[in-house]
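Quick notes on the structure that follows.
Computed from the coordinates by the stated procedures, all read-outs in this text should not be read as laboratory data. All values derive from a computational prediction rather than experimental measurement. With ideal geometry, Cβ positions are generated from the backbone for all residues, glycine too; neighbour counts draw on all protein chains shown.
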Amino acid sequence: MPNVLTKISGGATYADPFLGPASHPAQLKVDVSALTTGEVDAKGYLKPNVPFKRVGSLLKLCDGTAAEFVYGVNFAAIKLVAENPTNVTLAADTSDPIIAVATIAQLQRDICEDNLGRAFNVNELAAFERAGDHITVTAT
Amino acid sequence: MPTLSWIEQEEELTEAALTVRVQQLAPDDIGGLSWPTFAPRVDVDTTEINEINEIDDRPVADRREWDARGRLIPMRTPDQRKIEFIPIEARDAIREKEINKLSLEVRGNQGIFRDVIGARIPARADRLAKADLRRIEVDYISAWTSGIVTQVNPENGETVPMGFQFASSRLQTAPTAWGDVGISAYNEFLAWVLDGVDTIGSAAGVRLRRARFNEILADAPNLANSVKMTRTQLEQRITDDLAIPFRFFVDEEGVDTFTDGGTVTTRTKRWPIDKIALVPDDLRIASTAFAPVVRAQDLIAEFPEAGIDVRGCTLYYDKENGGRGLTMEMQLNAFPVPHESRVWVIDVA
């Protein structure tokens, strides 16, 4: 066998998005089949501070349904699926693991969007503003 | 017909005795090798090593309002390299014909035979150990100047390179050769050194071949009456220009490398002709990882009082053919690990 070198590039890590206390955790199942690579990273981790609504006892992404509001955001990155997921493999996942979300918190928006690698979409932004939501997001 | 079965019964010729002997050789071959200075030994526990690079991380906090939180300082992770390396080994063999020839020379006198052949073996062991150490020398210089360590197949000379994946800014190529007409090698050199000092911190000098030094000297400003500076004066001039002690490490040492699986070697200068490298102020450009040799562990278990270095050159015998042949193998588990943050090299051809 020859000499072998494997390089692991360094870089930024996920940052803590909570400006104030994050509390009142709730443990619920998350609908993985509704997630995309905008919420799950290449290592198979759910990115931090993904905003979820609650439909029954299941956490789902905000999708523009009337009157939906953000129920909670996950505290930190959580391992959900195998490495290198795609939208196709996520849509086919029926595992529905339990995660913990903060239901009362204040989020720093720029850190959240850096963690997600994308901006909050219009459905999420609207959901943060609706009655029933106890999570505030700073102005950007 | 004498055989070599008796060798391991001779106290001074056992594997343990010769291992202890070669481990007491000067690691720099009495000034002939530079790796202990530029890439000193670091003991590791395995031939699979992790190296974590330093990160240049200088965040600035912000002011906050009363009753509000301040700036989050996010974590950054450094680059990491996982290296798996293979052993260095030199070998020698004594065969029946050599034994037979010697036996005839001493007219069958077993005592003289043993004295003569016995005197040769330690010297052969020394030679093997020095060959192992020269491999460290060649490899760390290659890692430093090109970011590559090349494995050469001892059976046929085939090569397999392994790259350290340095950032390209660390290993530069001059857009125009410094020796070309119209180019001031001295000015180009100073500009490159200044960039390097800004990047890696203070420097002790540069390492280069004499031909490259002569180009820089030729283009350096003259003294009064158009008198050329000497090397000492040039070093002092650059020391004054940079405000740091500076010297030229001119390297013209050579080693004998094998180009195929045969026995022919070529005397090759160990430092590449067109490379100039900035030397950090503490001279340390790399570490040489020394991992344990399993056979040394066996010797230590058998001779715990011998003082064997489990990570040093280790000799073992391989008797063959009913004692008619003896192969001596000298193994060393060592590999250079350059520190990328200290690499600043330019190819000026």
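So here's what we get for this one:
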quantity: Range in chain B, longest, excluding exposed chymotrypsin sites (Phe, Trp or Tyr not before Pro) [loop by DSSP; at most 15 other beta-carbon atoms within 10 Å]; calculated: B:67-349
quantity: Cα gyration tensor category, rounded, prolate or oblate, for region B:147-216 with a/c compared to 1.5; calculated: prolate
quantity: Column: log10 I(q)/I(0), Debye, Cα scatterers of region B:281-349, q = 0.24 Å⁻¹; calculated: -1.03
quantity: Highest-fluctuation residue, B:138, B:60, B:337 considered, GNM on chain B with Cα pairs under 10 Å; calculated: B:60
quantity: Within region B:200-317, percent of DSSP bridges classed antiparallel, to nearest 5; calculated: 70
quantity: Charge context of residue B:50, other residues only, Cβ under 10 angstrom, K/R +1, D/E -1; calculated: 0
quantity: Loop-located GluC sites (Glu not before Pro) in region B:144-201, at most 14 other Cβ atoms within 10 Å (DSSP); calculated: B:155, B:158
quantity: Whole-number percent relative contact order across region B:7-80, with pairs defined as alpha carbons under 8 Å at least 6 apart; calculated: 20
quantity: Signed unit charges on C-beta, dipole axis of the protein assembly as shown, positive-most listed residue B:218, B:39, B:206; calculated: B:218
quantity: For A:7-14, mean number of other protein chain Cβ atoms within 10 Å; calculated: 6
quantity: Relative contact order (percent, whole number), chain B, Cα cutoff 8 Å, 6+ residue spacing; calculated: 29
quantity: Region B:129-230: trypsin sites (Lys or Arg not before Pro) falling in loop per DSSP and having at most 13 other Cβ within 10 Å; calculated: B:228
quantity: Computed helical MRE - 222 nm, the protein assembly as shown, DSSP H runs ≥ 4 contributing -39500 (n - 2.57), nearest 500; calculated: -8000 deg cm²/dmol
quantity: Calculated diffusion of chain B, Stokes-Einstein form, Kirkwood radius summed over Cα pairs, 20 °C and 1.002 mPa s, µm²/s; calculated: 91
quantity: Hits among lysines - C-alpha to C-alpha of residue A:7 under 18 Å, sequence gap 8 or more where chains match; calculated: A:43, B:82
quantity: Highest-MSF residue in chain A out of A:50, A:122, A:30 [GNM, Cα springs under 10 Å]; calculated: A:122
quantity: Beta bridges per DSSP with both ends in chain A, % antiparallel, nearest 5; calculated: 80
quantity: Square roots of 5 times each gyration tensor eigenvalue, C-alpha, the protein assembly as shown, largest first, Å; calculated: 60, 36, 18
quantity: Listed residues A:109, A:130, A:54, most fluctuating in chain A (Gaussian network, C-alpha, under 10 Å); calculated: A:130
quantity: Of the DSSP H helices in chain B, those whose Cα atoms cover at least 20 Å axially and whose Kyte score averages 0.5 or more; calculated: B:185-200
quantity: Average beta carbon contacts from partner chains per residue of B:74-82, 10 Å cutoff; calculated: 5
quantity: Computed Kirkwood radius, in angstrom, where 1/r is averaged over Cα pairs of chain A; calculated: 15.6
